[in-house]
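Notes to accompany the following structure.
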Amino acid sequence: MLRESRQKEILNLLNTNGYVEISALCRMFNVTEMTIRRDLDQLAQYNDIERTRGGAVRSETTLYEETRFEHRINLHSEEKLQIASEALKYISYGNTVYFDSGSTSFCLAQSLPSDIHILAVTNALNICSELTYRSNISTIMIGGEISRNTLSSRGTLSEEMLKLFRLDVAFLGANSIELDGKIYTANVNETGLKKTAMRSAKKTYVLADSSKINSSKIITYASLNEMDGLITDSGISESDRKQLMEHGANVIIADMQL
């Protein structure tokens, strides 16, 4: 295959999946790592992609620019409040709780009552800011590379720091959930931290409003049957709920009455 055709195929894969791995491309095109690295370097010069240690990802500004935090926090706000109210039932006095970045996690942090004492661990700058001045909450911010769109840290440094904690409960976000239970995020760089939180927590819940169910796929990081529950709002259809449960999901529907 000519270099131009191979690079066009690589770009198509990036546009479809959001990321590519060098090892997989070598097998696919039957070429050396040096050839693929050269292809990726050239593509990065003229396209909105970023080189990573093992491959490349679409630039976050291109992949998910329309959903910066400032925009997402105003979407489905009633549903997020429902979910936050339900999620509070799974936090107990003295817990160590992980709050993933995301607008629904932020709503949960805002909803924490003043009489509950917990240790909050988060990778989200806005959640850290929200909780810092709460006298009943001790807050630890996970360090790492900062994403401008999600206002959160990520990457290897973040993952290694999170491994130091034994979490009672972790609340993770999702950009979409398929009816087979697969959970998706917007950026491949976020998957490692989410998986680390799952391994570190006794209980893990996904917070996702019903608009994200059976929506477009980006990059998967887990399945609902690996979680203790999906907390969603009452807008989920009965057929979607049943399909998710058939794939091993524990679907928790928030009460409409706040």
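The values are calculated or read from the model by the stated rules, or taken from the named source; none is laboratory data. What you see is a predicted model; the values in this text were computed from it and never measured. In this analysis, Cβ positions are derived from the backbone assuming ideal geometry, glycine residues included, and neighbour counts consider all displayed protein chains.
Which one of these does residue 147 not meet: (1) within 19 Å of residue 175 (Cα to Cα); (2) free of Cβ contacts under 8 Å to residues at least 60 places away in the same chain; (3) surrounded by fewer than 24 Cβ atoms within 10 Å (Cβ to Cβ)?
Of everything listed in (1) within 19 Å of residue 175 (Cα to Cα); (2) free of Cβ contacts under 8 Å to residues at least 60 places away in the same chain; (3) surrounded by fewer than 24 Cβ atoms within 10 Å (Cβ to Cβ), residue 147 misses just condition (2).
Could you give every pair whose Cβ atoms fall below 7 Å, whose first residue belongs to the stretch 88-99 and is more than 19 Å from residue 135 (Cβ to Cβ), and whose second residue is surrounded by fewer than 19 Cβ atoms within 10 Å (Cβ to Cβ), counting only separations of at least 6 or pairs across chains?
What qualifies is 90/203.
Go through the stretch 169-211 residue by residue and tally those that are in contact (Cβ under 8 Å) with a residue 40 or more places away in the chain and surrounded by fewer than 18 Cβ atoms within 10 Å (Cβ to Cβ).
Residues meeting the conditions: 5.
Kindly indicate the residue of the stretch 1-52 that is surrounded by 13 or more Cβ atoms within 10 Å (Cβ to Cβ) and among the aromatic types (Phe, Trp, Tyr) and also modelled with the highest pLDDT among those meeting that condition.
Of everything passing the filter in the stretch 1-52, 29 is modelled with the highest pLDDT.
What single numbered condition from (1) over 20 Å from residue 108 (Cα atoms); (2) modelled with pLDDT of 95 or more fails to hold for residue 251?
Single failed check for residue 251: (1).
Quick one: how many residues across the stretch 149-175 are under 11 Å from residue 221 (Cβ atoms) and modelled with pLDDT of 90 or more?
Quick first cut of the stretch 149-175, residues under 11 Å from residue 221 (Cβ atoms) only: 172-175.
Remaining after also requiring modelled with pLDDT of 90 or more: 172-174.
Counting residues in the stretch 149-175 that are under 11 Å from residue 221 (Cβ atoms) and modelled with pLDDT of 90 or more gives 3.
Output the residues belonging to the stretch 114-131 that are buried (at least 17 other Cβ atoms within 10 Å of the Cβ) and of a type in the set (Ser, Thr, Tyr).
Here is the first cut: in the stretch 114-131, the ones buried (at least 17 other Cβ atoms within 10 Å of the Cβ) are 118, 120-128, 130-131.
Listed by number, the list holds a single entry, 122.
Could you pull out the residue among 169, 121, 97 that is touching a strand residue (DSSP E or B) at 6+ places or on another chain (Cβ under 6 Å) and over 23 Å from residue 250 (Cβ atoms)?
From the options 169, 121, 97, the qualifying one is 121.
For the list (1) surrounded by fewer than 17 Cβ atoms within 10 Å (Cβ to Cβ); (2) more than 28 Å from residue 121 (Cα to Cα); (3) out of contact with any Lys or Arg (no Cβ under 6 Å at 6 or more places or on another chain); (4) modelled with pLDDT of 85 or more, I need the number of the one condition that residue 93 fails.
(2)
Taking the stretch 184-207, which residues are closer than 21 Å to residue 246 by Cβ and at pLDDT below 95? Steps first, please.
Applying the first criterion (closer than 21 Å to residue 246 by Cβ) to the stretch 184-207 yields 184, 204-206.
Hit for the stretch 184-207 is 184, nothing else.
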